[in-house]
Amino acid sequence: MSDNEGYVDGLYDADDMLERVKSGIEAEGMPSISIAEGYGRLLTLLVRMSGAGSVLEIGALGGYSGICLARGMEEKPGGGSLVSLELLQAYADVAARHLAEAGYGGVAEYIVGDAKQSLEMLKRQGRRFDFFFIDADKEGYPVYLDYALELASPGAIIVGDNILLRGRTTDDAKQGPAVQAVRSFNERIARDPRLESTILPGYDGLAIARVRG
Ligand code: DHB
Ligand code: MG
């Protein structure tokens, strides 16, 4: 974390709920790779400011970002809806438990398995979402963007985490499949005429786009 990131994070009181979630993730032996604190706050703000009532998250891990997303829908009827796609049943169970502990048990629905198959199912069902948060396997980012565009309601927001891959994205010597996929994702976020967007280079980078229409 940079000095600037540490400074701004230090301005905020500790978020007891999110600290408990981080400890829970560690205690379960899961990787400590939840979204950066500042971007968690941004997720809540973006959901609330956009008025989204239905959120699709790709990659649940332990529910840290899920809580940030659900917080942004608190004023919505029934607290909105969060559909979260997670490869591993064990992770989905931890995330569901954390969401319930945070008071969002009735809001979150977990679909376990390969996200691409779950996305295809949601597409066949004609489901639409106001907000997408992409934070799963990095090789899948371009396909997840394709599906987000297909499942988007007009004006939907698409956010992608870790678009700098801890420096690998900008290192020409790195040419592995995850790096190439994230570079392609970033280029499409910036250039696809269906999107207006920005990319924040703080922490590990965050892409934010709005689907025109
Ligand atoms: C890492 C961080 C993430 O937020 C993620 O989604 C995947 C990997 C990492 O730092 O390795
Ligand atoms: Mg991430």
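The values are calculated or read from the model by the stated rules, or taken from the named source; none is laboratory data. Since this is a predicted model, take the numbers as computed values, not measurements. Every residue, glycine as well, gets a Cβ built from its backbone with ideal geometry; the counts of neighbours run over all protein chains shown. Protein only, heavy atoms only, side chains kept; ligands, DNA and RNA dropped before computing areas. Shrake-Rupley method; radii C 1.70, N 1.55, O 1.52, S 1.80 Å.
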- Item | Anchor Lys22: aspartates and glutamates whose Cα lies under 16 Å away (excluding residues fewer than 8 positions away in-chain) | Asp9, Asp13, Glu37, Asp93, Glu101
- Query: For Lys123, which lysines qualify as cross-link partners when the Cα separation must be under 30 Å and same-chain residues fewer than eight apart are set aside?
  - Reply: Lys76, Lys138
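Computed FRET efficiency, Cβ-Cβ of Tyr12 and Ser153, R0 35 Å: what is it to the nearest 0.05? Before the final figure, lay out each step's value.
Numbers: r = 32 Å, r/R0 = 0.90.
Once rounded, the FRET efficiency stands at 0.65.
Determine the share of the chain's accessible area contributed by carbon and sulfur atoms, expressed in whole percent, with a 1.4 angstrom probe.
Numbers: 5040 of 10020 Å².
Carbon plus sulfur share of accessible area: 50 percent.
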- Message: 5 Å is the cut-off here: which amide hydrogens, built 1.01 Å from N in the peptide plane, fall below it relative to Ile158, excluding neighbours closer than 5 in sequence?
- Response: Phe132, Ala209, Arg210, Val211
- Compute the length gained on full extension between Lys22 and Arg194: take 0.36 nm times their separation in residues and subtract their Cα-Cα distance, giving the result in nm to one decimal. 58.3 nm
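So for the range 121-213, averaging the separation of alpha carbon pairs under 8 Å that are six or more residues apart and normalising by length, what relative contact order in percent results?
Numbers: 155 pairs, mean separation 29.7, N = 93.
32 percent.
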- Item | Highest-first arrangement of 139-150, 9-20, where packing means the average Cβ count within 10 Å | 139-150, 9-20
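Defining a contact as two alpha carbons under 8 Å apart and six or more residues distant in sequence, what relative contact order in percent does the chain show? Walk me through the intermediate numbers first.
Details: 372 pairs, mean separation 35.6, N = 213.
Value for the chain: 17 percent.
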- Skip the ligands, DNA and RNA, and give the accessible area per residue of the range 2-136 with a 1.4 Å probe, whole Å². 46
- Task: Could you provide, to the nearest whole Å², the per residue accessible area of the range 159-213 with probe 1.4 Å?
- Result: 53
- Message: Distance between the C-alpha centers of the range 69-103 and the range 17-50? Whole Å please.
- Response: 12
- Dividing the helical contributions, -39500 (n - 2.57) per DSSP H run of n ≥ 4, by the residues of the chain yields a 222 nm value, nearest 500 deg cm²/dmol, of -13000 deg cm²/dmol
